[in-house]
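The values are calculated or read from the model by the stated rules, or taken from the named source; none is laboratory data. Computed from a predicted structure; not experimentally measured. Positions of Cβ are backbone-derived with ideal geometry, glycine not excepted, and every protein chain shown enters the neighbour counts.
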Amino acid sequence: MFWPLALASVLVVMDLVVFCISRRAGAAVSVFLLFYLALWLSLYRYQRGKVLAELIRFSTVFAHVENIMLDSLVLPFGILDMKGDLIWMNRAMRELFGEKMKKNLGVFFPSVTGELLADLRSSKIEEFPVGYEERNYRLLLHRVDFQQAAQQTDIIGDPSQYQTLAAAYLFDETNLREAIKITEDEKPVLGLIYLDNYEEALGTVEEVRRSLLIALVDRKINKYFSGLDGLVKKLEKDRFFLVMPHRSLAQLKEMKFSILEEVKNINIGNEMAVTLSIGLGFNGNGYNQNYEQCRIAIEMALGRGGDQAVVKDGDSISYFGGKSQQLEKATRVKARVKAQALKEFITNKDRVVVMGHTITDVDSFGAAVGIYRAAKTLGKEVHIVISDLTTSIRPLLTGFLESDDYAKDMFIDSDTAKELVDHNTVMVVVDTNKPSYTECPDLLRRTETIVVLDHHRRGSEVIDNAVLSYVEPYASSTCEMVAEILQYFADGIRIRNMEADSLYAGIIIDTNNFKSKAGVRTFEAAAFLRRCGADVVRVQKLLRDNMEAYKARAETICNAQIYEGAYAIAICPSAGLDSPTVVAAQAANELLNIVGVKASFVLTDFHNITYISARAIDEVNVQVIMEKLGGGGHMNSAGAQVPDKPPEEIVDVVKTMLRDMIEKGEL
């Protein structure tokens, strides 16, 4: 009723205008204006009480209806104080929790605590998954200032005692979560199964029994995965395609892929056990992406030596098995093919840059020198990237630097390499397949022609843009692989004595004087290098230690402790040593000579990074252990790097891992 009075101002203006025109007319209009105002005042006084009475009646009825509607709300709703005590519940929540008031919500949902309620913000609704009586709920909590609002309602008895309250809503999501679980369980998992040594295993069986061995392997694979609701289709004589629901994958993990051992146990007179490699992929955007993931997984399983399963879930990769040493291939066809491919890449480019891993060791150095000779044979410009000079390679490197037969820029640092590497350069990476472990990872982004030569098992981090990747875990060293490549690289290739010494030294170091990982092809490569001029006595002199390194190795062995009766753990002092990582590796090898020791772990600090050298003979897979610390390597020779943590702290971590793996039966 305020607006009629406000609009009267228009009449006042009109009256003033009329007065200016005619006083008599203005007076007449003023009379009517006064009558209008008197009429408005009488109506306002009469209607005001009536309207207020109607509003009060409506608000009273509305508040009552509002309370009834809130109480009858199907959604469980309640009001609780900041201690978690329920001070009011609607009918749905009373039916859920019972009629008794003043219960604490934490009794039903232990995750709801006073600290949780204190952290609530009034501007945001917080959600929490909770469970009660085998039902799943989504709990919404909202912090609200109820003091002023509570004075207008009779829901809360004495609102003055509550400064802040919280509103709680419960949404029953049991059926929704069950539907989501069913959907997740039925997601397809695609897989590829390869027989690693199909031809080799059949070659050890009498011809009349070969079909029986094949039938037993096929039956074992089909029966195993049929029990997991999986479908297996044979693609080739040694390859299978697998489709199974996601729920079966959890069973496979619980069984630790026992099919790997079951197939190896098949024996009908075959001297060589059949081994499997399994690659599984899921959670991709469609069947094509799932298949691509399982293809990558099977390649990783084969690249890591076979006899294992690799599960790829997007960017997450899990490994199972891999407890046996990969068998050495009798044929060298692959080496010949890779040698010819490498020759073509080098021929089509103007420059070759060779790079190993950080803290260059003898194997990395020798392999780089071998590639240097291959590229020089084709008349190409070649450079080897070495940033940190270690004591282990200093005698070998000095020989090249002092010789007039080699260019002064044969060895360059990372900064110089960045200026040289372009799209007309072949980047050859030796003795590592992890980009973060290379001398200069930036070089991998400066050219599209990258070649990887390595003998370490692949991990989740790999150089994925290589045009040629030759990774053979069965090889004793990268020098062995390069020596084979040189034999097929070019006719009449001439390897000089110092180059042969470097390659031979790499094999000597990585095989611990032919005591470990030395196969037939290892000795063949060594024989080839001997024919090229490698001298055993000269190499032995080059690999001798200085007194400080010898004392440090002796101190490391002296202070070693035996954990769980079978694992030697020691810390190698790094003070006064140019290359403590090399001394640590030597000490780890020496600890294996102790009776009862299955594996050795030697830790040392170098440039604020703890380096771990892990060694084993045949009973323990140290590669799996080191992968848990972000490292890798071989089954019996592996390592890891842990930055910003002292060796003493990492010793406790290694012990904890060993204890857990022993309890789970992984060791």
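Restricting Asp388, Asp405, Asp422, Asp464 to those that are over 32 Å from the mean Cα position of the chain (by Cα) and either assigned to a loop (DSSP other than H, G, I, E, B) or modelled with pLDDT of 95 or more (or both) reduces the list to Asp405. Candidates Ala297, Ala339, Ala335: the one that is within 22 Å of Asn222 (Cβ to Cβ) and not in a loop (DSSP other than H, G, I, E, B) is Ala297.
With respect to Arg177, determine if the residue is in a helix (DSSP H, G or I), more than 30 Å from Leu140 (Cα to Cα) and not aromatic (Phe, Trp, Tyr). When the stated conditions are applied, Arg177 does not pass them.
In the range 503-515, the residues that are farther than 15 Å from Val582 by Cβ form Cβ pairs under 7 Å with partners that are surrounded by fewer than 24 Cβ atoms within 10 Å (Cβ to Cβ), at six or more places apart or across chains, as follows: Tyr504/Ala526; Tyr504/Val539; Ile507/Thr522; Ile507/Ala526; Thr511/Lys517; Thr511/Ala518; Thr511/Thr522.
Can you tell me which residues in the range 425-441 are among the β-branched types (Val, Ile, Thr) and not in a loop (DSSP other than H, G, I, E, B)?
Thr425, Val426, Val428, Val429, Val430, Thr438
Scanning the range 302-319 for residues that are modelled with pLDDT under 85 and either part of a helix (DSSP H, G or I) or within 17 Å of Lys253 (Cβ to Cβ) (or both) yields Leu302, Gly303, Gly314, Ser316, Ile317, Ser318, Tyr319.
Can you name every one of the helices (runs of 4 or more DSSP H) wholly within the range 570-667 that holds 1 or more residues which are closer than 24 Å to Phe514 by Cα and in contact (Cβ under 8 Å) with a residue 40 or more places away in the chain?
On the way: elements: 580-591, 622-627, 647-663.
Once the helices (runs of 4 or more DSSP H) in the range 570-667 are filtered for at least 1 residues that are closer than 24 Å to Phe514 by Cα and in contact (Cβ under 8 Å) with a residue 40 or more places away in the chain, what remains is 580-591, 622-627.
Scanning the range 408-417 for residues that are of a type outside the set (A, V, I, L, M, F, W, C) and either more than 19 Å from Thr358 (Cα to Cα) or not in a helix (DSSP H, G or I) (or both) gives Lys408, Asp409, Asp413.
Go through the residues of the range 258-271 one by one and say whether even a single one is assigned by TED's automatic domain parsing to the domain that holds Tyr194, touching a Pro at 6+ places or on another chain (Cβ under 9 Å) and on the phi > 0 side of the Ramachandran plot.
no
Restricting attention to the range 204-216, and to residues there that are free of Cβ contacts under 8 Å to residues at least 40 places away in the same chain and not charged (D, E, K, R), which single residue is surrounded by the most Cβ atoms within 10 Å (Cβ to Cβ)? Before you say what the answer is, go through the steps one by one.
Residues of the range 204-216 that are free of Cβ contacts under 8 Å to residues at least 40 places away in the same chain, as a first pass: 207-208, 210-211, 214-215.
Subsequent filtering for residues that are not charged (D, E, K, R) retains 208, 211, 214-215.
Details: Val208: 7, Ser211: 11, Ile214: 18, Ala215: 10.
Checking each candidate, the answer is Ile214.
Note on the range 198-233: residues that are among the basic types (Lys, Arg), at pLDDT 90 or above and touching a helix residue (DSSP H, G or I) at 6+ places or on another chain (Cβ under 7 Å) amount to 1. Of everything in the range 257-281 that's under 18 Å from Ser316 (Cβ atoms) and out of contact with any helix residue (DSSP H, G or I) (no Cβ under 6 Å at 6 or more places or on another chain), which residue is surrounded by the most Cβ atoms within 10 Å (Cβ to Cβ)? The extreme case among them is Ile278.
In the range 230-256, the residue that is surrounded by the fewest Cβ atoms within 10 Å (Cβ to Cβ) out of those that are in contact (Cβ under 8 Å) with a residue 24 or more places away in the chain and in a strand (DSSP E or B) is Arg239. Evaluate the range 145-164: report whether one residue or more is under 16 Å from Met82 (Cα atoms), at pLDDT 80 or above and surrounded by 13 or more Cβ atoms within 10 Å (Cβ to Cβ). Scanning the range 145-164, I find no residue that is under 16 Å from Met82 (Cα atoms), at pLDDT 80 or above and surrounded by 13 or more Cβ atoms within 10 Å (Cβ to Cβ), so the answer is no. What residue, of Ser502, Ser477, is under 16 Å from His456 (Cβ atoms) and of a type in the set (Gly, Ala, Ser)? Answer to the check: Ser477.
Here is a list: Leu116, Leu86, Leu52. Which entry is part of a helix (DSSP H, G or I) and modelled with pLDDT of 75 or more? Lay out the reasoning, then the answer.
On the way: Leu86 fails: part of a helix (DSSP H, G or I); Leu52 fails: modelled with pLDDT of 75 or more.
Criteria check complete, one pass: Leu116.
Applying the set (1) among the β-branched types (Val, Ile, Thr); (2) modelled with pLDDT under 90; (3) under 35 Å from the mean Cα position of the chain (by Cα); (4) not assigned by TED's automatic domain parsing to the domain that holds His634 to Thr581 leaves exactly one unmet item: (4).
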